[in-house]
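The structure appears right after this line, and notes come after that.
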Amino acid sequence: MTATGTLHRIPVHPWRWVPWLLASQALVALVWWQLGWKAGLPLLLASHALFLLPVFLPNSRFYAPVLARLPGPAVWLTIDDGPSDDTLAILDALDRHDARATFFMVGARAAARPELVREVLRRGHGLGNHSQSHPQARFWALGPRALAREIGDCQQVLAAIAGAPPRWYRSVVGMTNPFVAAVLHRHGLARVGWSARGFDGVGCTPETVVARIAGGLAPGAIVLLHEGAAHGHNAAIVEAVLRQLQARGLQARLPLETA
């Protein structure tokens, strides 16, 4: 395992962006009043863009701390969207390569298949929170109550099955909703991004994914993979990535979860 030390960073000031938002809008109002709409409107649009863009940047730290790489020689494999029909095949592939991974699970899917959650843990892998229902089209726009339910319900489901709550969290499609940090603070969760991805959640082949991801397979990489996609190649993709790691002399290990 790789020691995390201070890498498990729970948001300390989850509302730190609010004063900046208020100050920016006060500036917009002042400019509009002094110079009129021709100056105020572009500034208004620019100010909104500054707060909206970080929502869609998976490794942006604007709204919450994020872990995107690890120190040391190990690679952290992270597998999103399970449990699924692929889970057992992925576990077998990990066993064959003496590799470890963290499965970022969807609460509703975990509740429907708790035996797969327990099997993941039995084989020495980790769990992470990936929301209760995976609302990928609207996660970025959820209000504070809906977001709190998504993360809190998943936390409750996984804790009931595993006996302890997860400590890691990944946003749906990597989106950092402005209200995420407050919920992570409440549950003691640290946000995880990635440094290598192959876009294996959509239509693809194992060869295409490995070609995309190969450049990011290096010491300290956090690799984003998926399971349960409709294309049916996720287990083969995990196997192919594990072979790439082996060929490069890299090991897939879990971070040591020390706060």
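The values are calculated or read from the model by the stated rules, or taken from the named source; none is laboratory data. No experiment lies behind these values; they were computed from the predicted model shown. All Cβ positions, glycine included, derive from the backbone under ideal geometry; neighbour counts span all protein chains shown. Remember, those area values only see protein heavy atoms, side chains included, never the ligands or the DNA or RNA. Shrake-Rupley method; radii C 1.70, N 1.55, O 1.52, S 1.80 Å.
Condition first: among the aliphatic types (A, V, I, L, M), within 20 Å of Leu254 (Cβ to Cβ) and buried (at least 17 other Cβ atoms within 10 Å of the Cβ). Now tell me which residues in the range 204-234 satisfy that.
Just the residues of the range 204-234 that are among the aliphatic types (A, V, I, L, M), to begin with: 209-211, 213-214, 217-218, 221-225, 229-230.
Retained after the next criterion (residues that are within 20 Å of Leu254 (Cβ to Cβ)): 213, 217-218, 221-225.
Listed by number, the residues that qualify are Ile213, Leu217, Ala221, Ile222, Val223, Leu224, Leu225.
Return yes or no: is Trp194 open to solvent by 20 Å² or more (accessible area, probe 1.4 Å) and within 15 Å of Leu77 (Cα to Cα)? Show your work before the answer.
On the way: open to solvent by 20 Å² or more (accessible area, probe 1.4 Å): yes; within 15 Å of Leu77 (Cα to Cα): yes.
So Trp194 fits the description; yes.
Mind listing whichever residues of the range 241-259 are more than 12 Å from Trp76 (Cβ to Cβ) and buried (at least 21 other Cβ atoms within 10 Å of the Cβ)?
Answer for the range 241-259, where residues must be more than 12 Å from Trp76 (Cβ to Cβ) and buried (at least 21 other Cβ atoms within 10 Å of the Cβ): Val241, Leu242.
What do you reckon, is Gln34 modelled with pLDDT of 95 or more, among the polar types (S, T, N, Q), open to solvent by 90 Å² or more (accessible area, probe 1.4 Å) and farther than 29 Å from Arg253 by Cα? First the steps, then the outcome.
Values: modelled with pLDDT of 95 or more: yes; among the polar types (S, T, N, Q): yes; open to solvent by 90 Å² or more (accessible area, probe 1.4 Å): yes; farther than 29 Å from Arg253 by Cα: yes.
Yes.
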